[in-house]
Amino acid sequence: MTRLTIRRYPDPALKTPAEAVSQFGPDLATLADDLYETMKAAPGVGITAPHCAVLLRLTVLDLPEIGGRRDYVNPEILWASDAMFTHTEGSVSMPGITDEVTRPAAVRIRHQTLDGTVVEEQMEGFAAICMQHEIDQLDGIFWIMKLSRLKRERLLKKWDKQAR
């Protein structure tokens, strides 16, 4: 496994929607392994290929709630609950910066496995929050865009100060 370079906000790769994965095989599995190693070293609990400037719809999560590491290819949200959940979020692309984001408490997703098998599953709580966060990233929506303008501006000042 190879540790990849994580792009830091405001890298353009973080604002670019990722392309659907169409080639399944050893190269995709290697990329997933590399993303996992990169995420663990960051440290983090989720990462997408765009975090490392690979514009493909691939995300890796590592959560006890889902049984550890899981790879999601071409994930999409099919349904989101009306019930909402507020949780502190951050990103491997903006280390040390967090804020509270409110999202649906449960989602039903469709994705493919590394071999291309189509799977549907429901996620709740923290796992649902993480999946929505990563799907947003795959769509080119960096998590801070979910904050109010005032909160986002404060957070960006803090990020700029930290980056100096």
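Bear in mind these aren't lab numbers, they're just calculated from the coordinates by the rules spelled out. Everything numeric here is computed off the predicted structure, so don't read it as measured data. Heads up, the Cβs are rebuilt from the backbone with ideal geometry, glycines too, and the neighbour counts pull from every protein chain shown.
Overview of values
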quantity: Residues Trp159, Trp79, Trp143, sorted so that the one with the fewest Cβ neighbours within 10 Å comes first; calculated: Trp79, Trp159, Trp143
quantity: Listed residues Met94, Met1, His51: farthest to the positive end of the dipole of the chain (Cβ charges); calculated: Met94
quantity: Karplus 3J(HN,Hα) series, Hz, for segment 114-124 with 6.51 cos²θ - 1.76 cosθ + 1.60 (x for Gly, Pro); calculated: 5, 9, x, 5, 7, 10, 10, 7, 9, 10, 9
quantity: Antiparallel DSSP beta bridges within the chain, percent to nearest 5; calculated: 95
quantity: Table column - 3J(HN,Hα) (Hz), segment 77-84, Karplus curve with 6.51, -1.76, 1.60, x for Gly and Pro; calculated: 8, 8, 7, 10, 5, 6, 5, 10
quantity: Within-15-Å neighbourhood charge of Leu147 [Cβ basis; K, R +1; D, E -1]; calculated: +3
quantity: Extension reserve of the Glu153-Glu121 stretch, reckoned as 0.36 nm per residue once the Cα distance is removed; calculated: 7.9 nm
quantity: Alpha-carbon centroids, segment 104-156 and segment 76-92: separation in whole Å; calculated: 6
quantity: 5 angstrom amide H check on Phe85, placed H, neighbours 5+ away; calculated: Arg103, Ala105
quantity: Whole-Hz ³J(HN,Hα) from phi, Karplus 6.51 cos²θ - 1.76 cosθ + 1.60, for segment 145-156, glycine and proline x; calculated: 5, 7, 8, 5, 4, 4, 4, 4, 5, 4, 5, 5
quantity: Max mean-square fluctuation residue, GNM over the chain, Cα-Cα springs under 10 Å, options Thr48, Thr38, Thr98; calculated: Thr98
quantity: Contour excess over end-to-end distance, with Cα ends at Thr30 and Arg3 and 0.36 nm allotted per residue; calculated: 8.6 nm
quantity: Cα gyration tensor shape of segment 1-91, rounded if a/c is under 1.5, else prolate or oblate by comparing a/b with b/c; calculated: rounded
quantity: Straight-distance crosslink candidates among aspartates and glutamates, where the alpha carbon sits under 15 Å from Lys158 and sequence neighbours closer than 8 are dropped; calculated: Asp99
